[in-house]
1. Regarding the stretch 48-61, can at least one residue be identified that is within 28 Å of TYR139 (Cβ to Cβ), in a helix (DSSP H, G or I), within 13 Å of the chain's Cα centre (by Cα) and among the aromatic types (Phe, Trp, Tyr)?
2. Could you check the stretch 88-108 and list, in sequence order, the residues that are among the acidic types (Asp, Glu) and closer than 14 Å to ALA52 by Cα?
3. From the list ALA148, ALA128, ALA153, which residue is in a helix (DSSP H, G or I), at pLDDT 80 or above and surrounded by fewer than 20 Cβ atoms within 10 Å (Cβ to Cβ)?
4. Can you name the residue in the stretch 30-46 that is aliphatic (A, V, I, L, M) and either in contact (Cβ under 8 Å) with a residue 60 or more places away in the chain or in contact with a strand residue (DSSP E or B) (Cβ under 7 Å, 6 or more places away or on another chain) (or both) and is also least open to solvent (accessible area, probe 1.4 Å) among such residues?
5. Could you tell me whether any residue of the stretch 24-39 is within 14 Å of the chain's Cα centre (by Cα) and of a type in the set (Lys, Arg)?
6. Mind counting the residues in the stretch 62-84 that are open to solvent by less than 60 Å² (accessible area, probe 1.4 Å) and in a helix (DSSP H, G or I)?
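The values are calculated or read from the model by the stated rules, or taken from the named source; none is laboratory data. Since this is a predicted model, take the numbers as computed values, not measurements. Quick reminder, even Gly has a Cβ in these numbers, built from the backbone with ideal geometry, and neighbours come from all protein chains shown. These area figures cover heavy atoms from the full protein model, side chains too; ligands, DNA and RNA do not enter into them. Shrake-Rupley method; radii C 1.70, N 1.55, O 1.52, S 1.80 Å.
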Amino acid sequence: AAMNWEALAAIGEAAGALGVIVTLLFLIKQLRDNTLSVRSAAGASYMQAYSAVNGRASDPARSRIARIALEDPSALTPDELVSFNFMMSERLTLYESLCRMHLDGTIHEAHWGVARSDMTSLLQTDAAKDAISPFLPIYDRYFPEFAAELRAALEGENLLYDMRDAFPIEERTR
């Protein structure tokens, strides 16, 4: 009878070990599924925020200010310059959030690549450089990774296209 109890104990231990392995495999699958879900939600959030910023930029009054700023920022009125600086602040906040998501691994590399290229293109303009530059010391202190991205953008690194090409000079009206 002692042998039967030992055999049952061994079978119980094997079943318990198998149960632990199955549980671990299940948890690994759940973790992967959750990671994919978080990335998907982050990607959707990115697209919504990016679309909202671009949607506001398509407003004719804002578009006009942006086009003047891209061509000749000295032609902006003081009120237009304030408006442009707020538009740049809005973009900067979006880029900062996307950079954080990129560093955390919650958005796809391609999403950050598009945002980085947009940021770089925009920062090739004098008006954008003037609007962004005052924020660099703040980012140096509180988010140095993003400050490094901004500095790289100001130098034209990662430039895939020039945003000013979207607004040919001969089509600009004031």
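1. Within the stretch 48-61 (the criterion being within 28 Å of TYR139 (Cβ to Cβ), in a helix (DSSP H, G or I), within 13 Å of the chain's Cα centre (by Cα) and among the aromatic types (Phe, Trp, Tyr)), the answer is yes, since at least one residue qualifies.
2. Of everything in the stretch 88-108, just one residue is among the acidic types (Asp, Glu) and closer than 14 Å to ALA52 by Cα, namely GLU90.
3. ALA148
4. ALA42
5. Yes; the residues of the stretch 24-39 include at least one that is within 14 Å of the chain's Cα centre (by Cα) and of a type in the set (Lys, Arg).
6. 12
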